[in-house]
Amino acid sequence: MRATSVLVTGANGEIGHGLLARLAAEERSIVTLDVLPLEPALARLVRREVTGSVTDRGLLERILAEFEIDLVFHLAALLSTRAEFTPTTAHHVNVEGTLTLLEFAHLEGQSHGRPVVFLYPSSIAAYGLPDLATKMRAGLVREDEWNTPTTMYGCNKLYCEQLGRYYARHYKQLAADPPAGRVDFRSVRFPGLISAVTQPSGGTSDYAPEMIHAAAKGKPYACFVRPDTRIPFMAMPDAIDALIDLASVPRERLTRTAYNLTAFSPTAGQICDVVSRAFPRAAITWHVDEKRQRIIDSWPTDVDDSAARRDWGFQPRYDFAHAFDEYLIPTIKDRYQV
Ligand code: SER
């Protein structure tokens with residue numbers, strides 16, 4: 001008998017850290033796949049750690065032979081800034097890796113006879129507003145508006161949402177006995193995420209977490225976007241809750257395969273003010289990188305997440321004030337002993 005388990009790709013990343021802790025607390029059997037060995041604290045939580053790429057079919061075949069996977073969290077990706085320097089590598093990992101995982105999930109479902117729930121973090125980067133004036137006029141953006149991303153990462157995320165919908169609803173639709181429905185694909189478009197315990201690398205929303213962590217460590221920080229820059233954000237515990245909650249909703253309640261999520265939309269200047277009050281040694285300056293600014297200016301100031309609230313009861317715990325007062329500042333102070 002193969003052991004029933006959850007597969008988490010990109011487990012070493014920011015979302016992976018929080019997710020593994022939560023799944024382990026629920027006593028789930030966890031299999032991880034990441035290009036880097038897991039940090040020791042994470043490795044202790046998992047049943048099997050596989051080191052390698054999500055594009056390696058051989059590795060996935062070995063996981064299939066040994067484990068009955070009924071839930072996949074496919075987190076592995078190159079983020080938006082990094083992907084602009086290596087677009088074909090980003091496409092390989094972000095798109096071909098996702099296709100390989102979807103096919104793996106389909107084969108798992110075929111072999112154990114139950115749908116495999118496939119959770120996919122998409123992104124605010126799936127949107128692309130043409131200029132700042134349009135962004136400022138757009139208000140709350142719904143899932144099907146402005147789907148014209150300017151980044152390789154955004155294109156990858158938007159396309160993979162479609163690939164997931166294809167696997168869930170239309171897979172091999174011309175076959176005599178179409179096998180659709182073995183992959184139960186569910187995706188959330190995360191806003192920028194801010195964790196108190198890890199820092200992102202290679203993203204464009206990174207200015208917010210970088211500013212907070214630098215201030216807590218007493219290091220100077222030159223923010224690469226203007227103070228009036230506004231995009232939505234969410235505290236990491238809410239992001240983990242959203243993934244766990246969406247994974248367990250009965251399928252018939254879901255009217256979409258991709259849902260907007262958000263919690264608060266501060267400007268970079270407002271983040272700077274809160275951080276400077278909490279960490280008086282903060283030395284934040286503004287050194288705008290026009291090219292990264294253009295990427296952020298193509299992402300909405302806010303998104304309409306009413307579909308997620310209606311269909312599966314999405315309700316973030318942390319608004320802007322609570323995220324900082326109750327989660328980020330106390331946890332970061334504790335972490336850096338300040
Ligand atoms: N935080 C991500 C990035 O900036 C967006 O999903 O790339």
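The values are calculated or read from the model by the stated rules, or taken from the named source; none is laboratory data. As the structure is a computational prediction, the values presented were derived from the model and not from experiment. Neighbour counts are summed over all protein chains in view; Cβ atoms, including those assigned to glycine, are modelled from backbone coordinates with ideal geometry.
What to note about this one:
- Helices (runs of 4 or more DSSP H) contained entirely in the stretch 57-157, each with at least 1 residues that are within 15 Å of the ligand (Cβ to nearest atom) and either aromatic (Phe, Trp, Tyr) or crowded, with 18+ Cβ neighbours inside 10 Å (or both): 80-85, 87-91, 97-112
- Note on the stretch 198-217: among residues that are modelled with pLDDT of 95 or more, away from the ligand (no atom under 13 Å from the Cβ) and not small (Gly, Ala, Ser), the one that is surrounded by the most Cβ atoms within 10 Å (Cβ to Cβ) is 212.
- Every pair of residues 6+ apart whose Cβ atoms lie under 9 Å, when the first sits in the stretch 174-193 and is within 13 Å of residue 234 (Cα to Cα) while the second is of a type in the set (A, V, I, L, M, F, W, C) and away from the ligand (no atom under 16 Å from the Cβ): 188/246; 188/308; 188/314
- The stretch 9-50, residues that are more than 20 Å from the chain's Cα centre (by Cα) and farther than 26 Å from residue 203 by Cα: 25, 26, 27, 28, 29, 44, 45, 46, 47, 48
- Count of residues meeting criterion [free of Cβ contacts under 8 Å to residues at least 60 places away in the same chain, farther than 20 Å from residue 248 by Cβ and either part of a helix (DSSP H, G or I) or touching a Ser or Thr at 6+ places or on another chain (Cβ under 6 Å) (or both)] in the stretch 6-33: 1
- Answer from 228, 319, 297, 273 - the residue that is surrounded by 15 or more Cβ atoms within 10 Å (Cβ to Cβ) and either basic (Lys, Arg) or more than 29 Å from residue 28 (Cα to Cα) (or both): 297
- Take the conditions (1) out of contact with any strand residue (DSSP E or B) (no Cβ under 6 Å at 6 or more places or on another chain); (2) surrounded by 15 or more Cβ atoms within 10 Å (Cβ to Cβ); (3) outside any helix (DSSP H, G or I); (4) not basic (Lys, Arg); residue 36 misses just one of them, which is (2).
- Qualifying residue in the stretch 254-269 (condition: away from the ligand (no atom under 14 Å from the Cβ), of a type in the set (S, T, N, Q) and assigned to a strand (DSSP E or B)): yes
- Residue satisfying all of: in the stretch 218-242; over 20 Å from the mean Cα position of the chain (by Cα) and not in a strand (DSSP E or B); modelled with the lowest pLDDT among these: 218
- Of all residues in the stretch 45-54, at least one satisfies being among the charged types (D, E, K, R), within 19 Å of residue 71 (Cα to Cα) and touching a Pro at 6+ places or on another chain (Cβ under 8 Å).
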